[in-house]
Structure formats: structure tokens, C-alpha cells
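To keep things clear, I will list the structure first and then write my remarks on it.
The values are calculated or read from the model by the stated rules, or taken from the named source; none is laboratory data. Computed from a predicted model, the values in this text were never measured in an experiment. Quick reminder, even Gly has a Cβ in these numbers, built from the backbone with ideal geometry, and neighbours come from all protein chains shown. Protein only, heavy atoms only, side chains kept; ligands, DNA and RNA dropped before computing areas. Shrake-Rupley method; radii C 1.70, N 1.55, O 1.52, S 1.80 Å.
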Amino acid sequence: MEPCRSRPEWAKTIPKLDKRLWRLNVGLDAGESWEYLETEEEAKARPLSFAEKYFLGLDLDDAPKFKLAKAPLESAIHGYEFFRRLQLNDGHWASPYEGPMFLLPGVIFAFYITQTPFPKGWPEEITQYLVNHANDDGGWGIHTEGVSTVFGTSLNYTVLRILGMKRDHPVAVRARTCLHKLGGAIANPHWGKFWLATLNCYDWKGVNPIPPELWLLPDWFPIHPGKWWCHVRQVYLPMGYLYGEQLSCPVNSLIRELREELYVADYMSIDFSKHRNNVSEIDLYHPHTTILDSLNWIMDKYFTFFRPKWLRKLGTKKSYELIQIENENTDYACLGPVNAAMNTLCVYYQEGPSSKAFQKIIRRLHEFMWVQPEGMLMRGTNGLQVWEASFTLSALVESGLYESEVYQKDAINALNFLDRQQIRNEYAGKGYRHNSKGAWPFSNITQGYTVSDTTSEALRAVLAVQSLPEFEKPVSLCRLREAVDVLLLMQNKDNGFASYEPARANEWLEHLNPAEVFGKIMVEYSYPECTTSVVLALREFTRYDDSYRREEIEQTIHDALLFVVNSQRPDGSWYGSWAICFTYAAMFATDSLATVGRYFENCDTQRKACEFLLSKQRLDGGWSESYMACVTGNYTETDRSLVTQTSWALLALMHAKYPHRKPIERGIQFIMKSQAADGSWKQKSIEGIFNKNVAIAYPNYKFYFSIHALGLFAKQYGDYISED
Ligand code: LAN
């Protein structure tokens, strides 16, 4: 992958490791972790695979070489020839899921506070990554493409210092200057204040209340955390524990230095309690409401003057019980990168560094880390294993590529992978979890959280492959029905589908969103993307088994389509919440309508969608969207066309059966022209988003969505490019 920025001069002064010694280990459960080998001998005994070389940016001497493809299917084959070399032995594809810049500090702080030695190679590679991703002003944003913020800069500066960078190194000086210009670490948003407090570089008095007592409220209570979006409740749970106990690491000389460096004013002179609501303007995405400010004020007074110790103890005890449940349910992998780091600290304080629980959880943190040419980063999840295997399988089937015997082997491998990753345990009710038996997670079975669309995309892929006579049927009918059972429990009152669970509370809870930097995080919302995936999977299922819960399925599909139609904007677009942005949502929404026979010819919604997309096609035939589209809610382009967005727009037009070939062909030509001689496509811009404000990369999208679009075009419009 192309580094996002050219390598700055001072980056050359940072020690560089020999990349050839890194190896990617894949566990039995598809957990991915990088290891830096001790010696050249070990490296010789374990030659680098094609995928490892690709990820590390090493020479791909064994890459395929092709002449420029003349027809779409040929281009799809070239693309897949490259992509299949990245398939790992257990059948899945791995990927550097980078972007967010506020995740890594959690893990580094967790290692530092618990005095756990950093694994070999981490300090050098992480330092490299941060140096390579510093903005021109020396700071870091909330994600790799964002402007410098206090959140990104203060936390990543601290990481560099913990990893051994001297305070007078040019990188540190520049970052500090940037931070001070932004007002210093005092103007951090809530999570930044929290993390610095755990490190004893900020006073807990200056952190807005995170009462663990909330967990003692009865479950029916309208603001009970069990009703929050699972990521938010799983993050505020350990936060509440650490806040409740006010746990900070002991002060040492580095902490003393950081206290001096992170602030504009003298640390000891700062009255932190006055800064709870001091958040730099550049960081602020979702300002507090008056209700939240009033509640915070009341809680602060209450905590300071009246709060009985026994009640706080009861709150942290209950919180720890729930943390243990989360850890055990996920075999310590945890729901996501933020609660994984925070839970590590909780386990350390509660059970000690030699406990089994601590050893397990700290080891799991390795699975979030990824090495690439610019260094080591922390990923948004412990992988995208199920998600990527599902889309690749669907692309192989839809493009017809699976007909080749060699590719069939890959497909069988991926199918068996999905078979192994279907969740077999029922977690419903354990630690506020939703039903899980029969679902598929986004990453692996160990993390094991149900997601509506990962279940659907996996189910759809399994059904598509298992319907073909060439394939075995490892996933039994009973297990396919279990997947349907989970999905049927997930529809929201507005008929749409959310991400992990049906919404448990109303949007008004957003008034209590304390995080300042994310939008729409407190509860689940319905999304056209997730809704479509469910519709497609259920429809595919009825083709496979038309007897099981047929009426309910039909009703669910019917209602879900109402949601998709109603969420279309007047200009014919849909807002995409999980990738950038309108082209992504259009690919899904148009597919759900097509699955019930509604196309451009007979459906206004489809017609408007096509017109919207065509109005955005660029001169070179491609499409382009910037993450700012997600932030602002308005279609926003980058300075060049992008292969991934072009594939999405084309797939949308093809789902809608847009009757004119030419514009689609121009898009297809753009994809073909963008292909490198080895069949791959290069990363040009970030593809994904979450919580409206954080961009995240999906580097494999450019492969399987392009292959899918090229293959479908050949099938639907003929496998040729016209002469003119
Ligand atoms: C993801 C990644 C996948 C994504 C899709 C499956 C694409 C989506 O359709 C449903 C939501 C889901 C599962 C999703 C939710 C939020 C995640 C887990 C992420 C965007 C990856 C990282 C993000 C997580 C919340 C990051 C940690 C940040 C916090 C604010 C807690």
C-alpha cells in the first residue's frame, strides 16, 4: 500500500528495523499477530509468504505480470490472480485496518502502566508509523487523514515519549509546538483526559463524571448503560471502573517530564476541575447539550460532597463483574480495541500482573497490531476475517470466476473458513449481549459478537456457494436456519436493521453523548447498508429453503424495503455510515430493491438513484468521494477518481439495471486502466468511516469490489469494451 505521505526528512533519523524478519502468525481461530524473529536463521527456516512480502512492502519478485487487460473479465482475472496470492492458508484474507489515531495510545499506556515489556520490534515500528503519519504541522488528527487535534497530538506525543523518543528530538519538538498552539493537553476531549488521567498526567478532578453506579440502576431505567450502543457501553464500563477507583500509575521521572511538556501552563498551577468542559474547538464534533452539562454538574457536586464510599464500591464491583463477563465471553479478545486496552488495565488492578486473566488479555492485544511499510499501527478491530471472506466469495460467484478449478479451491477454502467462524454459543443475556448462536462476527469466532450485516453477508456467501453443484455443503441447514433466527430478532421499530443489536433506546439518549468527538454513538440506528445485507441474505435463504419461517421472512423483507425506500434523500442518494459514503450506500440500497424485481425501468427510487450517481460521474469515467462527505453529510470528492468508489457506483447502476451501457462502460474502463501490471490496484484514498467522524481503511475493497463489478459487467452487458 502507498504510504499516505512522503517520508519526512527527520524520519530518516529514527532507527529502522529489517522488515524481512517480520512474520504473520495466524491462530487456529484466525487471530492474526505479527512476530519479529530473533535471528536470520529463523527467518531462513520460515521463508516469507507472498502475502507477508506484500504487507511489508518488500519486493514481490514472484508477482504475476500481465499485459493491459483488453476486456473486463480479463481484468477481473488479473485482479483475482493477484488477490488470491494474499489468501492465507486457513482460507481468509487479512488486512491493515488502519485509520483511527486514538487507539494505539490505549495499548501503549496499558503496557506502560502495567510495566509489561514491549514485544520485540514494537517500539521501533510504532515510532516509525507515528513519525511517518505526522501532519505537516507536527501533530496528529483523530484519523490518518484528519487535521491535527489535541486528542491525536497529545496522546501520540505521549506514546513517542514512552517508546523512548527524547524530548528534544525534532519530531517531538514539532509535535509539542503543534500541541501548544492548540492549547495543550488541557483542551482534550473526554477520552483524552481519561487516558492521561490513567497515566497520572492529568487530574481525575478534571474528567467529567463516569459513574460506575449507573450499572446499579434497574435494567428498565431509561438511561441504563445496557441500552447504549454496545461499543459505547463496553468502553464506558472499564472507564467507570477506573474513574470510580481513580486509578493512576505512580509518578516517575517520565511522568514528571510529560506533565511539563503536555501543558502550556505549569502543571501544579492548573485547577483541573475547571477544565472538565474545556475542549479545543478543532476537536469538538458533538458539543455537550445543556442536559448533559447539568447532569455532569450535579454528579460532580454529588460525588465531591455526598457520595458514600460503599455505593461507589458497589458500582465498581458490579462493573468488574461485567468486565469479567466480557473478557470470558470473548476469550479476552474483547469487543474492540478501546475496551480491550481499558479492560487490560482493570484486570491488572483487580487481579494483578501474574494472574491468568492478565496474561491472556495482554497477549490478545497483539492481535490488533499490524506491520506495514511505514511502521506498526493499531487496527480498528482484531481483523476483518469473516467480512472479507464473505465479499470475496460473493464476488467469485457473481463474476463467474469460481468456475475455474483453481479458483474453486480458493472458494472451498474460504467456505470452510466461514463454516468454522459461525458462532456456536449463545451469549444472549450474558453481560447485556444480543443473541449470537448462528450469527457471524465481523472478525473471528473468538471475538464472537453478532453483527447484522456480517451475519447476512456470510450467510449470503455460504448460500451462494452451497447452491452450486460443484461445492460441498459444510454449513448444515440447521445452522443456516439458526443464522436466519438471529437476523429475524434484529429488526428495528422503523423497519431497518442496525449494526450489532436492535436499538434498545431512543435517539434522545444522544443528548447524553459525552465523547465530544463522535456523532450518533449512544444507541443503535437503522442503516440502509445493514438493512440491505439482511434483505439479500433472507431472500437468498428463501431460494435455498422455502419452508422455514417463510411468512415472517417475507414480512421482514417487505418492511425492511420500506425503510430503504424511505431513507432515500430527495436527490436520490443514501447516506452511508460505514464507508465513504453515498456510492457505498447506493451499492447496497439498489441491490435490495433489485432483489424484489424493482429496477430502473419500473421503480422511481432506482431511477432517482441512477440519476444521482450519473450526475457525479467524473470525466475519466470514475467516481470519487472524500471522508468529508460522511462528516458533512454532503457529497464531497477528492482530487482524483477512486477505484473502490467507482466499483460501488457501477455495482449500484448494474443492480438497478441502468439501461445505457456507455456510462457504465466508462467506469469499467477507469477500473481497468487503474490496474497495475501485476493485476493489483493501488490504495489512493481511505474508504471507510465510523461514528461520522473517523476514517478507517479497507484496503481489500479495491480488490473484491472491482473484481465483482468487472465480472458483473461482463455478465450483464457483454465482455467487451467498445471501439470508440
Ligand atoms: C466497525 C467495522 C465494521 C462495521 C460494518 C460491518 C461495516 C458495519 O456495517 C456495521 C458496524 C461495524 C461492525 C463496525 C462498528 C464500529 C467499529 C467496530 C468499526 C467501524 C471498526 C472500528 C469501530 C470501533 C467502534 C472502533 C473503536 C472506537 C470507538 C468509538 C469505541
query = Roughly how many nanometres apart are two label points built 7 Å out from the Cα toward the Cβ at Gln555 and Asp485?
reply = 1.9 nm
ask   = Roughly speaking, to the nearest percent, how much of region 102-378's 1.4 Å accessible area is carbon and sulfur?
value = 58 percent
ask   = Listed highest first by mean packing, meaning other Cβ atoms within 10 Å per residue, what order do 509-519, 258-268, 39-49 come in?
value = 509-519, 258-268, 39-49
key: Long-range HN-HN contacts of Ile689 with modeled amide H, under 5 Å   = Ala579, Ile580, Ile696
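Determine the sum of side-chain charges near Leu21: Lys and Arg each +1, Asp and Glu each -1, restricted to other residues whose C-beta is under 15 angstrom from that of Leu21.
That works out to -1.
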key: Solvent-free Debye scattering, log10 I(q)/I(0), computed from the Cα coordinates of the chain at q = 0.06, 0.09 Å⁻¹   = -0.34, -0.79
J(HN,Hα) series, region 535-543, from Karplus relation 6.51 cos²θ - 1.76 cosθ + 1.60, nearest Hz, glycine and proline x = 4, 5, 5, 5, 5, 4, 5, 5, 6
ask   = Applying 1/(1 + (r/R0)^6) with R0 = 35 Å to the Cβ-Cβ distance of Lys473 and Asn89, what FRET efficiency is obtained, to the nearest 0.05?
value = 0.95
task = Give the cross-link partners of Lys166 among the lysines, using a straight C-alpha distance below 21 Å as the criterion and excluding same-chain residues fewer than 8 apart.
result = Lys12, Lys16, Lys120, Lys181
request  = Please sort 427-436, 247-256 by packing, taking for each peptide the average over its residues of neighbouring beta carbons within 10 angstrom, highest first.
outcome  = 427-436, 247-256
ask   = Quick one: which of Lys227/Lys301; Lys53/Lys702; Lys437/Lys473; Lys317/Lys430 span more than 21 angstrom between C-alpha atoms?
value = Lys227/Lys301
query = Want the number for Lys181 to Asn278: 0.36 nm per residue separation, take away the alpha-carbon distance, what's left?
reply = 33.4 nm
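Let me spell out the model: positive unit charges on the Cβ of Lys and Arg, negative unit charges on the Cβ of Asp and Glu, origin at the Cα centre of region 385-717. What dipole size does that give, in debye rounded to 20? Mind showing how you got there, number by number?
Details: 34 positive and 39 negative charges, 75 e Å.
Around 360 debye, computed over region 385-717.
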task = Please give the peptides 551-557, 562-568, 386-392 ranked by average Cβ packing (other Cβ atoms within 10 Å per residue), highest first, as a rough proxy for protection.
result = 386-392, 562-568, 551-557
inquiry  = Could you tell me the calculated FRET efficiency between Arg20 and Lys166, based on Cβ-Cβ distance and R0 = 30 angstrom, to the nearest 0.05?
reply    = 0.60
message = Test of understanding: what is the full-extension gain from Glu257 to Lys682, defined as 0.36 nm times their sequence separation minus their Cα-Cα distance?
response = 148.8 nm
ask   = By the scheme Lys and Arg +1, Asp and Glu -1, what is the net charge of all other residues having a beta-carbon under 15 Å from that of Gly622?
value = +3
message = Please give the Cα centre distance for region 643-673 versus region 270-304, rounded to the nearest Å.
response = 48 Å
request  = Between Ser722 and Phe118, take the C-beta separation as r, use R0 = 51 Å, and let me know the FRET efficiency to the nearest 0.05.
outcome  = 0.35
note = Length gained, Leu68-Ile291, 0.36 nm per residue minus C-alpha separation, equals 74.2 nm
remark   = Scalar couplings 3J(HN,Hα) for region 66-75 by Karplus 6.51 cos²θ - 1.76 cosθ + 1.60 (θ = phi - 60°), nearest whole Hz, x for Gly and Pro, are 10, 7, 3, 5, 9, 10, x, 5, 4, 5
query = Taking only protein heavy atoms and a 1.4 Å probe, what accessible area per residue, in Å², does region 78-204 have with all protein chains in place?
reply = 24 Å²
key: Per-residue ³J(HN,Hα) for region 548-558, Karplus 6.51 cos²θ - 1.76 cosθ + 1.60, θ = phi - 60°, Hz, x for Gly and Pro   = 7, 6, 4, 5, 4, 5, 4, 5, 4, 5, 4
request  = Describe numerically, in nm with one decimal, the distance between label points set 7 Å from Cα along Cα→Cβ at Ser355 and at Trp508.
outcome  = 3.9 nm
key: Per-residue [θ]222 nm for the chain (sum of -39500 (n - 2.57) over DSSP H runs n ≥ 4, rounded to 500)   = -14500 deg cm²/dmol
ask   = Looking only at region 163-204, which residues have a backbone nitrogen under 12 Å from a spot 7 Å from the Cα of Cys249 in the C-beta direction?
value = 163-164, 196-201
